[in-house]
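Notes to accompany the following structure.
The values are calculated or read from the model by the stated rules, or taken from the named source; none is laboratory data. What you see is a predicted model, and the numbers here were worked out from it, not measured in a lab. Neighbour counts are summed over all protein chains in view; Cβ atoms, including those assigned to glycine, are modelled from backbone coordinates with ideal geometry. In case anyone asks, the SASA skips ligands and DNA or RNA and just uses the protein heavy atoms, side chains included. Shrake-Rupley method; radii C 1.70, N 1.55, O 1.52, S 1.80 Å.
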Amino acid sequence: MDFRISAAASSRSGFGRAARNALAAAIGAVVLAGCSVIPKTQTDAPPPVASPTAQPTTGLPTDDTRHRVALLLPTSGNTGAVGQSLANATTMALLDTNANNLRITTYDTSTGAAAAARQAIADGNKLILGPLLADNVPAVQAAARPARVPAIAFSNDASVASADVLVMGHIPEQSIRRTVRYARSNGSNRFSALLPDGDYGQKSFSALQNALRDYGGQLISSETYARGNTSIVSAAQRLRSSGGYDTVLIADGARLATQAAGQLRSDGASGVRLLGTELWSGEASLAQSSNVNGALFSAVSDGRFRRFADSYKQRFGNKPYRIATLGYDAVLLTLRVARDWRVGDPFPKSQLYDRGGFLGVDGAFRFNRQGIAERALEVREIRSGEIVQVDAAPQSFGS
């Protein structure tokens with residue numbers, strides 16, 4: 001089934017009119033099947049197909065008609081499968097668009113992000129797509145900043161964003177904010193939270209506090225726990241004993257969330273509304289648990305992802321990681337900007353801040369002035385054995 005969508009739309013032309021351009025046909029061939037948000041390595045599939053544009057990382061030929069773009073990803077080691085999935089997705093985007101004006105060269109960060117970045121700069125690349133890991137951003141930035149080469153990282157850690165490193169990943173805080181806003185408009189007033197120890201829990205708590213400040217509502221209490229069934233159950237019991245809330249955010253994945261939900265809704269507390277995070281996206285097991293019936297969470301739409309995954313599997317023989325769409329959309333974004341980018345000139349980074357935003361497999365997004373991708377998210381509800389959309393993602397951004 002064909003679907004046509006603009007790789008990017010300016011605030012002047014809008015998403016609908018931009019969809020008429022040639023690049024719009026790009027995503028037409030794309031597709032995706034519901035994979036877990038917390039990716040699982042596929043072990044029964046053939047090795048990925050090599051990118052037709054992959055080039056050696058030394059001795060690149062002179063280009064007069066193609067832009068040089070570096071893809072910095074781990075292609076071996078613990079995160080190698082995720083990196084390869086992203087790399088495969090960039091290949092898909094080039095094939096689907098019939099693009100012939102980009103030379104995308106892959107540099108393996110698993111043996112050292114600093115060395116990979118230095119080689120990418122030495123080879124004359126004018127844009128970096130990557131890295132994947134937030135921990136690798138400083139090393140990449142140190143090599144790229146003196147050369148005035150921007151990077152579009154696939155990380156979801158907003159703290160690494162800067163003037164020359166844009167963060168394209170799905171930011172957890174945005175999911176919480178979107179869900180709280182919807183919950184507030186549908187009767188939630190008094191909020192509590194179950195938060196894992198560590199960075200994710202801290203960021204989730206800050207996101208909840210900020211959302212309540214902006215949309216109203218009272219923060220009643222919170223409990224933290226070490227990740228593990230017994231710990232989260234104990235934290236849920238403590239929260240249940242303190243009471244006073246009508247809504248509880250559970251900032252964890254599906255398995256632990258269902259464990260906690262059973263405690264929070266015990267002893268006649270079935271009316272408590274539960275909120276999840278983007279970690280719930282793609283977790284079909286949630287629909288099978290009566291403990292979380294009626295719970296809400298927000299994520300990017302999976303509508304195009306399912307078709308993208310089918311196309312990916314047909315080409316590469318296995319399912320993509322959910323994050324692979326970032327690789328595809330990064331290429332579409334680059335192609336959109338490349339229309340006004342002369343070969344050999346610096347990458348026109350200012351065009352990435354178009355307030356009208358861009359469209360990709362994961363829907364509408366735009367970069368704010370902090371370099372963080374703001375995404376249009378939909379709200380979903382777990383309802384009687386199904387996960388249904390209750391508030392659609394915006395199709396575009398206001399001015």
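General observations
- All conditions but one from (1) out of contact with any helix residue (DSSP H, G or I) (no Cβ under 7 Å at 6 or more places or on another chain); (2) over 23 Å from Asn318 (Cα atoms); (3) buried (at least 20 other Cβ atoms within 10 Å of the Cβ) apply to Ala113; the one that does not is (1).
- Counting only strands (runs of 3 or more DSSP E) wholly contained in the range 351-399, the ones carrying 1 or more residues that are under 13 Å from the mean Cα position of the chain (by Cα) occupy 358-360, 363-367, 373-375.
- Residue in the range 156-174 that is touching a residue at least 60 places away in the same chain (Cβ under 8 Å) and either of a type in the set (Phe, Trp, Tyr) or on the phi > 0 side of the Ramachandran plot (or both) present: no
- The range 170-210 - residue that is in a strand (DSSP E or B) and not polar (S, T, N, Q) and, of those, most open to solvent (accessible area, probe 1.4 Å): Arg190
- Odd one out for Gly244, checked against (1) within 29 Å of the chain's Cα centre (by Cα); (2) open to solvent by 20 Å² or more (accessible area, probe 1.4 Å); (3) among the small types (Gly, Ala, Ser): (1)
- Taking the listed residues Asp391, Asp340, Asp354, the one that is open to solvent by 10 Å² or more (accessible area, probe 1.4 Å), in contact (Cβ under 8 Å) with a residue 60 or more places away in the chain and within 30 Å of Asp63 (Cα to Cα) is Asp354, with no other qualifying.
- Residues in the range 249-287 that are open to solvent by 50 Å² or more (accessible area, probe 1.4 Å) and at pLDDT 90 or above: Arg255, Gln259, Gln263, Arg273.
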